[in-house]
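The values are calculated or read from the model by the stated rules, or taken from the named source; none is laboratory data. The shown structure was predicted, so the numbers you read here are calculated from the model rather than taken from an experiment. So basically every Cβ, Gly included, is an ideal-geometry build from the backbone, and we count neighbours across all protein chains shown. Keep in mind that these areas ignore ligands, DNA and RNA; they rest on the heavy atoms of the full protein, side chains included. Shrake-Rupley method; radii C 1.70, N 1.55, O 1.52, S 1.80 Å.
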Amino acid sequence: MSVVVTGATGQLGRLTVEALLRRGVPAPDVVATGRDVTGIRDLADRGVVVRRADFTDPGSLAAAFAGAGKLLLISASVPVDERVANHRRAIDAALAAGVSLVAYTSTLRADTAATVIGATHRATEEYLRERRVPSVLLRNGWYLENYTAQLPGILQNGAVIGAAGQGRVSAASRADYAEAAAVVLTTQSHVGAVYELGGGEAFTLTELAAAISAAAGKPITYTDLSAKELARMLAGAGLPADLADVLADADLGLSRGELFTDSGDLGRLIGRPTTPLADAVAEVLR
C-alpha cells in the first residue's frame, strides 16, 4: 500500500517526500501529487510515482489516491473561502480509496483559534470527525521561513513590521514539520492523535528583530502596527487585499497566543531539537 502526499509540488510536500525516502519507504510506494506535476518530474526519474491531483477535480483525486494506504493531506494554498470545500473533496476521495490513515496539516490550536485561517482548519477537522475518517491532526505552527523569506526587505528597511504585539510564536522550519509528517506516516499508533507542533524556542517579533540584528550586525527594530494598518501596508506592497487581510489577522492571532505551543510534540516526533531561529537566520544570511 502506498503513501500519498498531496501538494508535493509545494515546499512542505516536497520535503515530506524526501523525508519518506530517507526513512526507507521504497520509491514506488511513495505517490507525489500536485495540480501541475511538471515541477516534480525529477521524482519520477527516481522511481517515485507522480500523479496529478487537483482538489477541484474529484476525478483526478480518485485516480491519484487509488491504492493508497496512507495519505498526507496538506492544507490547500488557495483563497481561504475555497479551502474547506477542497479539503472535503480530498477527504471524500480518501474514504472512497479506503485509506487507513489521513494525516492532515492543520494549524496550532485549531479548535479554539479565532483567526480566519483557524476557522478553515477547524471546519476541516470537524469534517474528518463527521465522516469518521481514521486520521491524525498535525497542527503545524508558523514556518520560520515565513520570516527568513522577508530578510532582504527587513535588512533594507531596518525593521520587522507586524501587528503581533508581544505575542510569542513557536515557529519551526518546514523541514522539521516534514520530518514529523514522515514519522507519523511510517510508524504506528497515531490514529486519533492531535499533535500541537511548533518550535521549541518561541519568540516575539521584537526578539526576531533582535536576532536578525545580531546576525546581520546592523540595527533592526520591530514596528508594531494595528491589523488594519498592516493589511493596508501589505496591500500597498502588492499583495492581494484578501491575502493581506488574512496575514494581518494571523498576526492578531499571534498576539493572542494562538501560534504558541509548549507541547514539545514536534521535538519528540522527530527525535531532536527543532531548528533554532538563530540558525535559520544565519543560514539565509550566508
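Numerical summary
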| read-out | value |
| --- | --- |
| Residue that is farthest from the chain's Cα centre (by Cα), among those in segment 194-206 that are open to solvent by 20 Å² or more (accessible area, probe 1.4 Å) and either over 22 Å from Trp142 (Cβ atoms) or of a type in the set (Val, Ile, Thr) (or both) | Thr206 |
| Segment 218-238, residues that are touching a residue at least 60 places away in the same chain (Cβ under 8 Å) and outside any helix (DSSP H, G or I) | Lys218, Pro219, Ile220, Thr221, Tyr222, Thr223, Asp224, Leu225, Ser226 |
| Criterion (out of contact with any Lys or Arg (no Cβ under 7 Å at 6 or more places or on another chain), within 23 Å of Ser77 (Cβ to Cβ), in a loop (DSSP other than H, G, I, E, B) and of a type outside the set (Phe, Trp, Tyr)) met by exactly one of Leu259, Leu243 | Leu259 |
| Residue within segment 71-88 that is surrounded by fewer than 16 Cβ atoms within 10 Å (Cβ to Cβ) and of a type in the set (Val, Ile, Thr) present | yes |
| Options Arg139, Arg109: the member that is touching a helix residue (DSSP H, G or I) at 6+ places or on another chain (Cβ under 9 Å) and assigned to a loop (DSSP other than H, G, I, E, B) | Arg109 |
| Count - residues of segment 56-91 that are under 17 Å from Tyr127 (Cβ atoms), in a helix (DSSP H, G or I) and of a type outside the set (S, T, N, Q) | 14 |
| All positions within segment 25-45 that are in contact with a helix residue (DSSP H, G or I) (Cβ under 9 Å, 6 or more places away or on another chain) and either touching a residue at least 24 places away in the same chain (Cβ under 8 Å) or surrounded by 17 or more Cβ atoms within 10 Å (Cβ to Cβ) (or both) | Val25, Asp29, Val30, Val31, Ala32, Thr33, Gly34, Arg35, Val37, Gly39, Ile40, Leu43 |
| Ala241 being free of Cβ contacts under 8 Å to residues at least 40 places away in the same chain, open to solvent by less than 40 Å² (accessible area, probe 1.4 Å) and among the aliphatic types (A, V, I, L, M) | no |
| Search result, residues across segment 87-135 that are among the aliphatic types (A, V, I, L, M) and closer than 20 Å to Leu197 by Cα | Leu101, Val102, Ala103, Leu108, Ala110, Ala113, Ala114, Val116, Ile117, Ala119, Ala123, Leu128 |
| Checklist (1) assigned to a loop (DSSP other than H, G, I, E, B); (2) open to solvent by less than 20 Å² (accessible area, probe 1.4 Å); (3) of a type in the set (A, V, I, L, M) applied to Ala114, failing item | (2) |
| Sole residue being open to solvent by less than 50 Å² (accessible area, probe 1.4 Å), among the aliphatic types (A, V, I, L, M) and not in a helix (DSSP H, G or I), chosen from Ala209, Ala250, Ala164, Ala175 | Ala164 |
| Subset of segment 267-282 (residues that are assigned to a helix (DSSP H, G or I) and either closer than 18 Å to Glu207 by Cβ or under 17 Å from the mean Cα position of the chain (by Cα) (or both)) | Gly267, Leu269, Ile270, Leu277, Ala278, Asp279, Ala280, Val281, Ala282 |
| Residues satisfying the stated conditions in segment 129-157, i.e. over 23 Å from Leu72 (Cβ atoms), surrounded by 15 or more Cβ atoms within 10 Å (Cβ to Cβ) and of a type outside the set (Val, Ile, Thr) | Tyr147, Gln150, Leu151, Leu155 |
| Among residues of segment 179-193, those that are surrounded by fewer than 17 Cβ atoms within 10 Å (Cβ to Cβ) and either outside any loop (DSSP other than H, G, I, E, B) or of a type in the set (Asp, Glu) (or both), counted | 1 |
